[in-house]
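The values are calculated or read from the model by the stated rules, or taken from the named source; none is laboratory data. Keep in mind that what you see is a predicted model, and the values were worked out from it rather than measured. Neighbour counts run over all protein chains shown; Cβ positions are idealised from the backbone, glycine included. Keep in mind that these areas ignore ligands, DNA and RNA; they rest on the heavy atoms of the full protein, side chains included. Shrake-Rupley method; radii C 1.70, N 1.55, O 1.52, S 1.80 Å.
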Amino acid sequence: MSAKVTKIGVLTSGGDSPGMNAAIRAVVRTALYRNLEVYGIMRGYNGMIEDDIYQMGSRSVANIIQRGGTILKTARSKDFYGEEGRKKAYENLQKRGIDGLVVIGGDGSFTGAYKLSKEFGIPCTGIPGTIDKDLYGTDFTIGFDTAVNTAVQAIDRIRDTADSHDRLFIVEVMGRHAGYIALHSGIATGAENILMPEVTTTLDEMLTSLSEQEKRKKLVNLVVVAEGYQPDPDKPELRGATEVARIVEEKLKGLETRLTILGHIQRGGPPTCIDRFIASRMGYHSVECLIEGRHNVMVGILHNNMHYTPLEIAIREKQKIGEDWLNIVKILAS
Ligand code: F6P
């Protein structure tokens, strides 16, 4: 039987995502309701190492549910990779008697939590917070819905201008290793092609399909590309829409091309209702897990039920994109 948790820390780590604030609010208010002390750790694991930690009350999380970003700030901590950094971080937790931790972030952030739990016996729970939606064991990650809706609104606007000229529009969305934003925003905007890191679309396939569209006199030619897509596996350093546009202009002479990179606008802005809702639900359950002794799990939602994946599995496994999706894209864009 594990010891009772009495003081918990909460942090956000990795890329921020809209809805993280709603999750922090839920963690803080649930903890206080359950008579736990709760501490905010600033700038992810960096704040843990540098002792940038403060006690939070109910009012510390007032008026943040509607705000993008994270009031705790975030970082990808290099020092936490090292044993020395983790030891320092643990000592700072120990000094305050913090005996439980909620980590909001992606798989890199969960790796940190897992190490802390293994090396120092600190019970942790992870809340999936990433716009990329690439985490195993959950249908939702906080921020994905907002990011994908931002991308859809932007691409709809591009469609208007694309419709007014005979041009090919190539739009890059976020996702260094994951194609979910590309897949969802591409399908929702009627893109002809969607290029993602997880699915091999050879250059020839892409160029053939663009030439076919030309022949069919499609009114709008739209290609959505995830930033991590590699047109040529032998040249992994050449990625994303810039490279796709360069190749298309070189190979399909006469096809006028325009390139848009949506970038970080996808990571900001007020979270959608879905992101606020799942963040609140996951935040509540992350604290309940620590109290109930369900430790070192990622708190996900699968088929509308809470689903708890051991951190080591959440880190190791990936949510896969099936090849059949591209077939659907092809049929619907015909
Ligand atoms: O948080 C995930 C993510 O937005 C990826 O989609 C993207 O590749 C990466 O972060 C960008 O990170 P940074 O803001 O450090 O450039």
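Taking the criterion of being open to solvent by 50 Å² or more (accessible area, probe 1.4 Å), farther than 30 Å from Asn35 by Cβ, in a loop (DSSP other than H, G, I, E, B) and touching a residue at least 12 places away in the same chain (Cβ under 8 Å), the only residue of the range 61-111 that qualifies is Arg76.
What tally of residues in the range 102-123 results from selecting those that are under 20 Å from the mean Cα position of the chain (by Cα) and either closer than 21 Å to Arg25 by Cα or within 16 Å of the ligand (Cβ to nearest atom) (or both)? Walk me through it before giving the result.
Start the filter on the range 102-123 by keeping residues that are under 20 Å from the mean Cα position of the chain (by Cα), which leaves 102-114.
Keeping just the survivors that are either closer than 21 Å to Arg25 by Cα or within 16 Å of the ligand (Cβ to nearest atom) (or both) gives 102-113.
Here the count works out to 12.
All of Asp145, Asp132 fail the test of being assigned to a loop (DSSP other than H, G, I, E, B) and either within 11 Å of the ligand (Cβ to nearest atom) or at pLDDT 95 or above (or both), apart from Asp132.
When residues of the range 282-334 are filtered for being of a type in the set (Gly, Ala, Ser) and over 29 Å from Arg159 (Cβ atoms), how many remain? Break it down into steps so the answer makes sense when it comes.
Filtering the range 282-334 down to residues of a type in the set (Gly, Ala, Ser) leaves 283, 286, 293, 300, 314, 322, 333-334.
With the extra rule that they be over 29 Å from Arg159 (Cβ atoms), the set shrinks to 283, 286, 293, 300, 314.
Residues in the range 282-334 being of a type in the set (Gly, Ala, Ser) and over 29 Å from Arg159 (Cβ atoms): 5 in total.
Among the residues of the range 170-201, those that are modelled with pLDDT under 95, aliphatic (A, V, I, L, M) and within 17 Å of Thr257 (Cα to Cα) comprise Ala191, Ile194, Leu195. Among the residues that make up the range 155-166, is at least one of them open to solvent by 10 Å² or more (accessible area, probe 1.4 Å) and part of a loop (DSSP other than H, G, I, E, B)? Within the range 155-166, one or more residues are open to solvent by 10 Å² or more (accessible area, probe 1.4 Å) and part of a loop (DSSP other than H, G, I, E, B). If you go through the range 258-284 and keep only what is of a type in the set (Gly, Ala, Ser) and away from the ligand (no atom under 12 Å from the Cβ), you end up with Gly269, Ala279, Ser280, Gly283.
In the set (1) part of a loop (DSSP other than H, G, I, E, B); (2) surrounded by 24 or more Cβ atoms within 10 Å (Cβ to Cβ), the condition left unmet by Ile24 is number (1).
Contact annotation: residue pairs with Cβ atoms under 6 Å, 6 or more positions apart or on different chains, pairing a residue in the range 159-178 that is within 16 Å of the ligand (Cβ to nearest atom) with a partner that is open to solvent by 80 Å² or more (accessible area, probe 1.4 Å), are Glu172/Ile261. Inspect all residues belonging to the range 207-219 and state whether any of them is closer than 27 Å to Asn21 by Cα and either modelled with pLDDT of 95 or more or in a loop (DSSP other than H, G, I, E, B) (or both). Within the range 207-219, not a single residue is closer than 27 Å to Asn21 by Cα and either modelled with pLDDT of 95 or more or in a loop (DSSP other than H, G, I, E, B) (or both).
Which strands (runs of 3 or more DSSP E) does the range 230-334 wholly contain that include 2 or more residues that are out of contact with any helix residue (DSSP H, G or I) (no Cβ under 7 Å at 6 or more places or on another chain)?
Values: elements: 257-261, 297-302, 305-310.
Qualifying strands (runs of 3 or more DSSP E): 297-302, 305-310.
Report whether or not Ile187 is open to solvent by less than 10 Å² (accessible area, probe 1.4 Å) and either of a type outside the set (S, T, N, Q) or outside the structural domain of Pro310 (by TED's automatic domain parsing) (or both). For Ile187, the condition - open to solvent by less than 10 Å² (accessible area, probe 1.4 Å) and either of a type outside the set (S, T, N, Q) or outside the structural domain of Pro310 (by TED's automatic domain parsing) (or both) - is not met.
Note on the range 123-138: residues that are open to solvent by 10 Å² or more (accessible area, probe 1.4 Å) and over 21 Å from Ala178 (Cα atoms) amount to 1. Looking across the range 31-52, the residues that are farther than 16 Å from Asp99 by Cβ and buried (at least 24 other Cβ atoms within 10 Å of the Cβ) come down to Gly44, Tyr45, Gly47.
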